[in-house]
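Single-structure report; data block below.
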Amino acid sequence: MSVAAAAAGRQVWRQLARNNTGTSAAIRRTISSLPKSHSQFRPTSLPAFTTTTTTTTSKAVPRLSQSQYRSYSSGGSSGDGTKVKFWPFVVVLAAGTGGWVLLINRQKNMPPNPKQTASSTKPTPAFSPSEVTVLFVLGGPGAGKGTQCANLVTDFSFHHLSAGDLLRAEQDRPGSQYGQLIQDCIKNGAIVPMEVTVALLENAMADAIKKSGSRKARFLIDGFPRKMDQAFQFEKVVCPAKLVLFFDCPEQVMEGRLLERGKTSGRADDNAESIRKRFRTFVETSMPVVEYYEKEGKVIKVDATPGPKEVYEDVKRKLVGKLGENF
Ligand code: C5P
Ligand code: MG
């Protein structure tokens, strides 16, 4: 019986080892199935599987007299002379192991979840909120997000990353596999698939931190997240956000600003038709993000109707009011 139990044990370990290799291979497959030019955003090495070792401190255990010990040998006898049968335990163990192995194999044969990306396999966000402060900056197109971010950079030494600017740079990057996709989305005021935007932001943050030489940094992430999936993905794999600065502005005012900007901006989406689509996307897709963070108590709302100076005074007052002078 003990030989059979040992053989069953060996079988389980072999299966475990096989499954473990399979899991790593599945993760590698998911990563390598990302679009090619996405490879520059991929982590250069796979996240290491960490194991936790538990150390136990041995306590003094009161010793039992020989007659108090219960025998666990199937060949021996218990203290009261009754034989302990081991085969029922082995049968139960074998049945349980078989079921578990079947379950694991079924999972292995299932296609990878399309929503899973390389980054989502990381166990923790790339940056810790104790070192990296992230403020999302939201508002309709033409609300003045970029202008206000420039002021905050001067006064509070933020790094300013505009999701739209990063997307336009990627669109123009020779050889980018996403160029056409980004161009189409921008022209139609549609949201670019979040994997692209989140990866661009993570890369830009890593670059800024590397260049600054300090692990501590503050970021204004401008025009992001424009959709709930972007918000969840970013907070999960890049860094949890501290606050959202929301610039509230009537469409009429924003439209006037955008049409004026369109005279010189050269942007493919600063025209009446694209502006209409961008407004609709903002109301239907981006406002729910603002409402979500409002419920979380993380939104600083600023009326963006007045001129830039007046708006900035309000921004500064509210930001310092919320985070203190030396946040
Ligand atoms: O923020 P900005 O107006 O520069 O964005 C331009 C366009 O870039 C958006 O209309 C949208 O097509 C795309 N974008 C996106 N996701 C973001 C930010 C911008 O898809 N988070
Ligand atoms: Mg902008």
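Only the coordinates and a few stated rules stand behind these numbers; no lab work does. All values reported here derive from a predicted model rather than from experimental measurement. Using ideal geometry, Cβ is built from the backbone for each residue, glycine included, and neighbour counts are taken over all protein chains shown.
Close amide-amide hydrogen proximity is noted between residue 238 and 126, each under 5 Å apart and 5 or more residues distant or on a separate chain (H modeled in the peptide plane; Pro and chain starts excluded). The alpha-carbon positions of region 253-293 define a convex hull whose volume is 75 Å³ per residue. With semi-axes defined as the square roots of five times the eigenvalues of the C-alpha gyration tensor, the equivalent ellipsoid of region 266-325 measures 27, 18, 8 Å, largest first. Using the Cβ-Cβ distance between residue 303 and residue 147 with R0 set to 25 Å, the FRET efficiency works out to roughly 0.95. Summing charges over neighbours of residue 226, with a neighbour being any other residue whose Cβ is under 12 Å away from its Cβ, gives 0 when K and R count +1 and D and E count -1.
Across region 293-305, coupling constants 3J(HN,Hα) worked out from phi with the 6.51/-1.76/1.60 Karplus curve, θ = phi - 60°, read 6, 4, 5, 7, x, 10, 9, 9, 9, 10, 6, 9, 6 Hz, and Gly and Pro carry x. Using all pairs of distinct alpha-carbon atoms, the Kirkwood hydrodynamic radius of region 180-327 works out to 17.1 angstrom.
Residues whose amide H falls under 5 Å from that of residue 159, counting only those 5 or more places apart or on a different chain, are 218, 219, 220, with hydrogens built in the peptide plane.
Checking the cross-link pairs 210/236; 145/211; 277/318; 216/298; 216/318; 210/263 against a 29 Å limit on the alpha carbon distance flags 277/318; 210/263 as lying beyond it. Scoring 225-231, 260-266, 292-298, 277-283 by mean Cβ neighbours within 10 Å over their residues and listing the highest first yields 225-231, 277-283, 292-298, 260-266.
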